[in-house]
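Nothing in this text is a laboratory measurement; each read-out follows from the coordinates by a stated rule. The structure displayed is predicted, hence computed values, not measured ones. Methodologically, a virtual Cβ is constructed for each residue, glycine included, from the backbone with ideal geometry; neighbour enumeration extends over all protein chains shown.
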Amino acid sequence: MRAAVLHGPRDLRLDPAATDPVPAAGEVLVRVARAGLCGSDLHVYRTGDFITAFPVTPGHEVVGTVAAAGPGADPAWVGARVALDSRVPCGACAWCALGDLQRCAAIGFLGEARGGGFAELVAVPAERVWRLPDRLPFEVAVLAEPTAVVIHAVARAGRVAERPVRRAAVLGAGPVGVLLALALPADVEVILIEPSAARASAARRITGRPVITPDAEAALAGVFDAVFDCAGAFGSLGRAAALAVPGGVVTAVALHHQPDELDVNALVGREVTVTGTHVFADEMPAALALLAGDPARFAPVADRVASLEELPALVAAAAAGQAAHLKLVVAP
C-alpha cells in the first residue's frame with residue numbers, strides 16, 4: 001500500500017510500497033476514505049513529541065470502510081462505513097477502569113503510538129470504531145474526531161461555569177475554533193478572535209459569527225462567560241483570562257508549543273477559573289449526530305483535499321505557517 005511515513009521530526013516521506021497492516025485479534029482492517037490533518041499532527045511533525053517509535057504513519061482523524069475482520073472480531077463489521085476513535089489507552093489503569101480513557105496516564109494516539117490513517121489501510125481495535133449515519137458522507141464525517149473534541153470542551157466549560165454561558169469568545173479561528181463556534185448553541189453570542197485575514201474571512205463565512213482581530217479584543221475585556229483558547233500561542237491563555245467575566249471560565253483547548261505566562265493575581269482577584277480539556281470522552285456519537293444533522297453546514301471546514309503524494313509538501317508548508325487552507329484532508 002501507499003503511506004506517508006514520518007521518519008523523524010520534519011521528515012515525512014511517501015512510501016509507495018509500505019507493508020499492508022494485518023489486523024490482530026479483535027481488530028479490523030479499514031480502507032481509508034479520508035484522513036484529516038490536525039494541529040497536533042503539526043506539533044508532532046515539528047517536534048517528534050508523543051511518538052512511541054519511528055518510523056510511523058501519522059493521521060488520527062480517520063474515516064473509511066471496514067475491509068476485513070481479524071481473529072475474534074465480529075465479521076459483521078466488514079463493509080461498514082466507520083469513523084475511528086483516535087485514543088490508544090493502556091486499558092489497565094484506574095482511569096481506564098472508570099471509562100475516562102482521555103485521562104489514562106499512559107494514553108497514546110493513532111498515528112503516534114501505532115500506525116495511523118495517512119495510508120490506504122489502517123488496522124485498529126474493533127472497539128475503537130463507530131458506524132457512520134447513512135446520510136453522512138465521508139467528506140464531512142472526517143470532522144467527527146475534532147468535533148468530539150469541541151463538544152467535550154464545551155461540556156467541560158458548562159460544568160465549571162457558575163452561570164449559564166450566554167456570551168463566549170473563541171481565540172483562534174483554525175479548524176478547531178471554527179468547529180467549536182459551530183458546536184455552541186445558537187442562542188449563545190459568540191465572537192471569534194483571529195489575526196489571519198484569510199482565516200477570519202473563512203470563519204466568518206462558515207460560522208456566520210463575528211470575527212475580530214486581537215487588536216480589538218481589549219474593548220471586550222471582562223465580558224465573556226466562557227472563553228476558549230484554541231490558539232495555543234504564547235500569551236493566549238492570559239489574553240483569554242482577561243476576556244472572562246468575574247467568575248467566568250477559560251478552557252484551554254489547544255496544545256501550546258512552549259510554557260506560557262499567566263497573571264495568577266488577576267485570576268484570584270476576579271475568581272476566573274482556568275480548566276484544561278483533553279481530546280474527548282464519550283462524545284463521538286454526539287459528534288456524528290451533529291454532523292449528520294446538517295452536513296452542508298460543516299462541509300466547508302474541510303476546504304482542501306489532497307493526495308498522499310501531495311501530503312509531505314503540504315504538511316511542511318502548514319508547519320511553516322504557509323497553509324493556504326483551513327482544514328487539509330487526505331484522500332488516499
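Key figures
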quantity: Net charge over other residues, Cβ less than 15 angstrom from the Cβ of Arg209 (K, R count +1; D, E count -1); calculated: +2
quantity: Within the chain, percent of DSSP bridges classed antiparallel, to nearest 5; calculated: 55
quantity: Relative contact order (%) - criterion: Cα under 8 Å, at least six apart; region: the stretch 246-332; calculated: 26
quantity: On Cα atoms only, tilt of 284-293 relative to the major axis of the chain in degrees; calculated: 80
quantity: Cα gyration tensor category, rounded, prolate or oblate, for the stretch 23-76 with a/c compared to 1.5; calculated: oblate
quantity: Anisotropy class of the stretch 164-266 from Cα gyration tensor, a/c 1.5 cut; calculated: oblate
quantity: Global geometry of the stretch 248-332, whether rounded, prolate or oblate, following the gyration tensor of its Cα atoms and the 1.5 cut on a/c; calculated: oblate
quantity: Structure-derived Kirkwood radius over Cα pairs in Å - corresponding label in (1) 22.2; (2) 21.4; (3) 20.3; calculated: (3)
quantity: Relative contact order computed over the stretch 185-332 (Cα-Cα under 8 Å; 6+ residues apart), in percent; calculated: 16
quantity: Cα-centre dipole for the stretch 222-283 with unit charges at Cβ (Lys and Arg positive, Asp and Glu negative), debye to 20; calculated: 180
quantity: Gap separating the Cα centres of the stretch 23-47 and the stretch 58-72, nearest whole Å; calculated: 10
quantity: Length added when fully stretched, Arg31-Leu220, from 0.36 nm per residue minus Cα-Cα; calculated: 63.3 nm
quantity: Total formal charge among the other residues, if their Cβ is under 13 angstrom from that of Met284, Lys/Arg +1 and Asp/Glu -1; calculated: -3
quantity: Rel. contact order, % - alpha carbon contacts under 8 angstrom, at least six apart, the chain; calculated: 19
quantity: Estimated dipole of the chain in Debye, rounded to 20 [Cβ of Lys and Arg +1, of Asp and Glu -1, Cα centre]; calculated: 400
quantity: For the stretch 195-249 versus the stretch 116-194, the gap between their alpha-carbon centres in whole angstrom; calculated: 17
quantity: In nm, spacing of pseudo-spin labels at Thr19 and Cys93 (7 Å Cα→C-beta vector); calculated: 2.9
quantity: Check: the stretch 278-332 dipole with +1 on Lys, Arg Cβ and -1 on Asp, Glu Cβ, in debye; calculated: 140
